[in-house]
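Comments concern the structure below.
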Amino acid sequence: MKENKADIDCPTFQEREAAIKDVTAKINSATDITEKAKFAERLRKEVEVLLSCHEYDEKCIDCKNCRFVMNVRKKTAELVIKAKKLS
């Protein structure tokens, strides 16, 4: 099976990506919604670091791709957190 790998050429993204994947794996493996929400909060914080990147360049395709991926991940984290509130 081929591993999904983001081809975003950015040292900040590459540095944060490992932590983001780790937290995402913990969300996926958690069985309790409270535990999932705890990890989702961590994911949201990690994602916010990249969304608030001071080196963001709207003309750079890597920056655009990073921002797109981080927005999707942020929405995913927010859905998990919202699911906890609804339970």
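The values are calculated or read from the model by the stated rules, or taken from the named source; none is laboratory data. Owing to the predicted nature of the structure, the values given are computational and were not obtained by experimental measurement. All Cβ positions, even for glycine, are placed from backbone atoms using ideal geometry, and neighbour counts span all protein chains on display.
Note on segment 14-33: residues that are free of Cβ contacts under 8 Å to residues at least 12 places away in the same chain, of a type in the set (A, V, I, L, M) and closer than 16 Å to A83 by Cα amount to 1. As a summary of the residue check, K36 satisfies the conditions (1) farther than 17 Å from Q14 by Cα; (2) surrounded by fewer than 17 Cβ atoms within 10 Å (Cβ to Cβ); (3) in contact (Cβ under 8 Å) with a residue 24 or more places away in the chain except for the one numbered (2). Listed by first and then second residue, the pairs with beta-carbon distance under 8 Å, at least 6 apart or on different chains, first residue in segment 44-57 and loosely packed, with under 14 Cβ neighbours inside 10 Å, second modelled with pLDDT of 95 or more and not in a loop (DSSP other than H, G, I, E, B), are E48/K74; E55/C63; D57/C63.
Against the definition (out of contact with any His (no Cβ under 7 Å at 6 or more places or on another chain), without any contact (Cβ under 8 Å) to a residue 24 or more places away in the chain and surrounded by fewer than 17 Cβ atoms within 10 Å (Cβ to Cβ)), how does N65 come out, yes or no?
Here the answer is no, as N65 does not meet what is asked.
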